[in-house]
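Peer 1: I have a structure I would like to understand better, so I am pasting it below and will then ask my questions one at a time.
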Amino acid sequence: MKIPLEKITCSDLVIRFEETMDVLSSAIHSLHTPPGVRVSPFIHGQVSLGLHGSHLLIDGQITSRVTLNCSRCLKAFEIEQKIDLHFSARNYSGGQESLDMVILDAQPDEIILTADELDLGELIVQEILLDLPLQPLCTEDCPGLCPRCGRLKGSVECQCDQKKAIDPRWQKLRSLRVR
């Protein structure tokens, strides 16, 4: 969702998103998403854009749905993410400073725009991806996969002995048990 900068004036431009609007499809396809991550292009929330001096302020809250794979059992599950957006953006005019220097001098929450438009969809997708858990779990107590049969531990399909198998290299130590 690209917004031309000339549409943004001193008064805030408020954009509301309903879950029936496909907002993020083009941004999802243009960005690299990690394997096993599927971001829904349908979001809910609102974003306000306003010019304050030479800076464009971006504020809002977005709710999105993301499908992930559990890091223990590999089952796909869906989470709902609430993302807060608070950014300041400024246009790179191409003056004496190089773009690299301008980017290095920018604040962590500052965006340097090189075109005459703001890609709000790309910004939202980047924030969704940054907010993903490093090791997503379908449930907190997910047992994971059985290392012997590859099925879910403790399930009906997993008929493996529940006792821990002893490595054959350590088998001789069993005879040394203190009685």
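The values are calculated or read from the model by the stated rules, or taken from the named source; none is laboratory data. Everything numeric in this text was worked out from a predicted model, so none of it was measured. All Cβ positions, glycine included, derive from the backbone under ideal geometry; neighbour counts span all protein chains shown.
Peer 1: Just wondering, is there one or more residues in region 103-112 that are in a loop (DSSP other than H, G, I, E, B), at pLDDT 70 or above, among the aliphatic types (A, V, I, L, M) and more than 24 Å from Q46 (Cβ to Cβ)? First the steps, then the outcome.
Peer 2: Of region 103-112, the ones in a loop (DSSP other than H, G, I, E, B) are 106-109.
Add one more test, that the residue is at pLDDT 70 or above, and what stays is none.
No - not one qualifying residue is present in region 103-112.
Peer 1: Out of region 113-132, which residues are part of a loop (DSSP other than H, G, I, E, B), free of Cβ contacts under 8 Å to residues at least 60 places away in the same chain and out of contact with any helix residue (DSSP H, G or I) (no Cβ under 9 Å at 6 or more places or on another chain)?
Peer 2: Here is the first cut: in region 113-132, the residues part of a loop (DSSP other than H, G, I, E, B) are 114-116, 131-132.
Subset that is free of Cβ contacts under 8 Å to residues at least 60 places away in the same chain: 114-115, 131.
Scanning region 113-132 gives a single hit, D131.
Peer 1: Give me the residue from region 113-127 that is at pLDDT below 70 and aliphatic (A, V, I, L, M) and, out of that set, surrounded by the most Cβ atoms within 10 Å (Cβ to Cβ). Write out each step before concluding.
Peer 2: From region 113-127, those at pLDDT below 70 are 113-115; that's our starting set.
Cutting the leftovers down to aliphatic (A, V, I, L, M) gives us 113, 115.
Values: L113: 14, A115: 11.
The selected residue is L113.
Peer 1: Taking the options T20, T33, name whichever one is free of Cβ contacts under 8 Å to residues at least 24 places away in the same chain and hydroxyl-bearing (S, T, Y). Talk me through it step by step, then tell me what you get.
Peer 2: On the way: T33 fails: free of Cβ contacts under 8 Å to residues at least 24 places away in the same chain.
Only one candidate passes the filter, namely T20.
Peer 1: Out of all the residues in region 52-78, which are surrounded by 16 or more Cβ atoms within 10 Å (Cβ to Cβ), of a type outside the set (A, V, I, L, M) and under 26 Å from E140 (Cβ atoms)?
Peer 2: To start, the set of residues in region 52-78 that are surrounded by 16 or more Cβ atoms within 10 Å (Cβ to Cβ) comprises 56-60, 62, 64-66, 68-70, 72-73.
Going one step further and asking which of them are of a type outside the set (A, V, I, L, M), we end up with 59-60, 64-65, 69-70, 72-73.
Result: S64, R65, N69, C70, R72, C73.
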